[in-house]
1. Quick one: is Leu158 surrounded by 15 or more Cβ atoms within 10 Å (Cβ to Cβ) and either among the β-branched types (Val, Ile, Thr) or closer than 20 Å to Cys88 by Cα (or both)?
2. Can you pull out every residue in the range 201-220 that is surrounded by fewer than 16 Cβ atoms within 10 Å (Cβ to Cβ), more than 23 Å from Tyr130 (Cβ to Cβ) and in contact (Cβ under 8 Å) with a residue 40 or more places away in the chain?
3. Restricting to the range 131-171, what's the tally of residues that are of a type outside the set (Gly, Ala, Ser), farther than 20 Å from Leu61 by Cα and over 13 Å from the mean Cα position of the chain (by Cα)?
4. Which numbered condition trips up Ser115, out of (1) in contact with a helix residue (DSSP H, G or I) (Cβ under 9 Å, 6 or more places away or on another chain); (2) at pLDDT 95 or above; (3) surrounded by 18 or more Cβ atoms within 10 Å (Cβ to Cβ)?
5. The conditions are (1) touching a Pro at 6+ places or on another chain (Cβ under 8 Å); (2) assigned to a loop (DSSP other than H, G, I, E, B); (3) not basic (Lys, Arg), and Phe150 fails exactly one of them. Which is it?
6. Give the residue that is modelled with the lowest pLDDT, with candidates limited to residues of the range 126-142 that are over 12 Å from Arg153 (Cα atoms) and in a loop (DSSP other than H, G, I, E, B).
7. Do you know which residues across the range 77-88 are in contact with a Leu (Cβ under 9 Å, 6 or more places away or on another chain) and either acidic (Asp, Glu) or assigned to a loop (DSSP other than H, G, I, E, B) (or both)?
Amino acid sequence: MLRPPARALLRSADSVKSWDWLWQPTYGRFWHDRFYRDRVDPYGCTVNQYDRHKYDRSLDLLDGRQFGSALEIGCSEGVFSEMIAPRCAELLAVDISDQAVERATARLSRLDHVSVARATLPMDMPPGPYDLILCLDVLYYLPKDMLIRFLPRLKAALRPGGVLFTLHYLGDFGQAMRGREVHDLLVAALGLEVEHDQTVPDVGPKGAGYRVTCLVKPPG
């Protein structure tokens with residue numbers, strides 16, 4: 001075990017990618033690789049009522065808009081990537097797991113304007129700029145201090161007028177942060193305009209629901 005000062009020092013060393021587990025000690029890269037290796041669609045994204053509900057709500061709130069370049073953080077096996085792709089001229093979908101990236105690549109291979117890559121964020125954050133950044137059920141895996149350091153990169157990667165679309169389950173399954181805390185932090189710290197911020201109750205495990213927040217970077 002690392003003592004807290006050593007852990008804090010290593011977390012600040014963004015270039016040390018071989019220590020991915022330090023950034024997400026419970027649900028990190030190696031946990032996800034095992035999780036995906038043992039089964040196909042381990043989160044049930046293709047059949048799960050919660051996931052179908054959140055995907056449909058996300059598409060509704062994006063209101064039929066078309067985007068130039070888009071980044072999806074935490075794409076899993078590419079189920080939502082496939083759904084959002086027709087609304088994007090270019091889409092980069094990234095995930096922490098090699099297994100997930102392999103399956104997403106296969107699912108999306110017919111879409112020439114979509115690319116998939118393995119990335120551990122925030123160290124591997126693609127620079128952008130993007131017209132749309134999607135973060136569905138992913139940011140609460142980051143410890144709070146790491147998320148706070150990640151926020152300037154998220155904001156910088158958005159083109160003026162660009163949209164940061166976030167959605168997180170509100171229940172507790174041992175993740176580093178609770179969904180409500182993530183969204184409160186995004187709204188308070190990023191200085192972006194709030195287009196939508198709503199809680200959807202009685203959905204998902206234990207009916208905990210989810211919160212969806214759509215933020216827009218001011219032009220200029």
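The values are calculated or read from the model by the stated rules, or taken from the named source; none is laboratory data. Keep in mind it's a predicted model, so treat the numbers as computed, not measured. Here Cβ is always computed from backbone atoms with ideal geometry, including for glycine, and neighbour counts include all displayed protein chains.
1. Details: surrounded by 15 or more Cβ atoms within 10 Å (Cβ to Cβ): yes; either among the β-branched types (Val, Ile, Thr) or closer than 20 Å to Cys88 by Cα (or both): yes.
For Leu158, the condition - surrounded by 15 or more Cβ atoms within 10 Å (Cβ to Cβ) and either among the β-branched types (Val, Ile, Thr) or closer than 20 Å to Cys88 by Cα (or both) - is met.
2. Quick first cut of the range 201-220, residues surrounded by fewer than 16 Cβ atoms within 10 Å (Cβ to Cβ) only: 201-202, 205-207, 218-220.
Filter once more, keeping what is more than 23 Å from Tyr130 (Cβ to Cβ): 201-202, 205-207.
Of everything in the range 201-220, just one residue is surrounded by fewer than 16 Cβ atoms within 10 Å (Cβ to Cβ), more than 23 Å from Tyr130 (Cβ to Cβ) and in contact (Cβ under 8 Å) with a residue 40 or more places away in the chain, namely Pro205.
3. Going through the range 131-171, the residues of a type outside the set (Gly, Ala, Ser) turn out to be 131-155, 158-160, 163-170.
If we keep only those that are farther than 20 Å from Leu61 by Cα as well, we get 140-155.
Among the residues that remain, those that are also over 13 Å from the mean Cα position of the chain (by Cα) are: 143-146, 148-149, 152-153, 155.
The total comes to 9.
4. Unmet condition: (3).
5. (2)
6. Leu142
7. Selection gives Gly78, Glu82.
Residues checked against (1) at pLDDT below 90; (2) over 20 Å from Leu111 (Cβ atoms):
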| site | (1), (2) |
| --- | --- |
| Trp23 | yes, yes |
| Asp33 | yes, yes |
| Asp41 | yes, no |
| Gly64 | yes, no |
| Ala85 | no, no |
